[in-house]
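Bear in mind these aren't lab numbers, they're just calculated from the coordinates by the rules spelled out. Being a predicted model, the structure only gives us computed values, none of them experimental. Neighbour counts are summed over all protein chains in view; Cβ atoms, including those assigned to glycine, are modelled from backbone coordinates with ideal geometry.
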Amino acid sequence: MRILALSHSLPGVTREQMGPHMKAEAARVWELYQAGALREVYFREDGKGAVILLECDSIAEAHSLITSLPLVEKKLIDFDVMGLTPYPGYAALFAEPK
């Protein structure tokens with residue numbers, strides 16, 4: 001199952017507070033990537049957070065992985081996690097006209 005996770009900052013948290021944890025964050029992201037659970041990671045162009053694409057068996061598993069990130073564990077950021085389903089509209093290209 002493809003899962004999208006969008007980070008958001010928490011009130012009162014500064015980039016300076018996150019700084020000391022960035023190496024551990026990158027290491028955990030790398031571990032999840034190597035395990036095949038984290039497929040892609042991006043930063044939003046507007047600087048308002050990260051976008052992570054995961055491949056997991058469930059939303060619960062994705063939440064568990066996201067909460068294992070050091071910045072989340074330390075309550076410096078949080079994520080909105082949502083499941084994705086395939087776009088069904090392509091079938092209309094091949095449907096018989098009525």
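Inter-part distance, the range 4-19 to the range 36-98, computed on C-alpha centroids, equals 18 Å. Helix 22-34 axis versus longest C-alpha principal axis of the chain: approximately 30°, rounded to the nearest ten. Amide H contacts of Gly49 (H built 1.01 Å from N, in plane; Pro and chain starts excluded): Arg44 sit under 5 Å, all sequence-distant by 5 or more or on other chains. Taking amide hydrogens as placed 1.01 Å from N in the peptide plane, the amide H of Asp78 sits under 5 Å from those of His8, Leu10, each at least 5 positions away in sequence or on another chain.
What does the C-alpha gyration tensor say about the overall shape of the range 51-98? Classify as rounded when a/c is under 1.5, otherwise prolate if a/b is larger than b/c, or oblate.
Prolate.
Across the range 1-55, Cα-Cα pairs more than 12 Å apart make up 71 percent of the total.
Largest GNM mean-square fluctuation among Glu16, Glu55, Glu73, using the chain with Cα springs under 10 Å: Glu16. With K and R counted +1 and D and E -1, the other residues having a Cβ less than 12 Å from that of Leu76 yield a net charge of -1. Mean-square fluctuations from a GNM of the chain, with a 10 angstrom spring cutoff on Cα atoms, peak among Leu53, Leu71, Leu84 at Leu84. The structure shown yields Kirkwood radius over Cα pairs in Å, and of the options [x] 14.9; [y] 13.8; [z] 13.4 that calculated value carries the label [x].
Computed from label points 7 Å out along Cα-Cβ, the spacing between Tyr90 and Leu53 is 1.4 nm. Springs between Cα atoms under 10 Å define the GNM used for the chain, and in it the highest mean-square fluctuation of Asp78, Asp57, Asp46 occurs at Asp46. Taking 16 Å as the straight-line reach from the Cα of Lys23, the lysines in range (excluding those fewer than 8 positions away in the same chain) are Lys74. Sorting Ile59, Ile66 by the number of Cβ atoms found within 10 Å of their own Cβ, with the fewest placed first, yields Ile59, Ile66.
For the range 2-86, the residue among Thr85, Ala26, Ala5 whose Cα projects farthest onto the positive side of the dipole built from Cβ charges is Ala26. Entry note, the chain: relative contact order of 44 percent, from Cα contacts under 8 Å with a spacing of 6+ residues.
Counting other Cβ atoms within 10 Å, keep those with at most 15, restrict to DSSP loop, and tell me which trypsin sites (Lys or Arg not before Pro) in the range 1-85 are left.
When the trypsin sites (Lys or Arg not before Pro) of the range 1-85 are filtered for loop state and at most 15 Cβ neighbours within 10 Å, Arg44, Lys48, Lys74, Lys75 remain.
Dividing the helix sum by the residues of the chain, where each DSSP H run of 4 or more adds -39500 (n - 2.57), gives a mean residue ellipticity at 222 nm of -8000 deg cm²/dmol. Here the simple spin-label model places points 7 Å from the Cα toward Cβ, and for Ser64 and Glu45 these points are separated by 3.7 nm.
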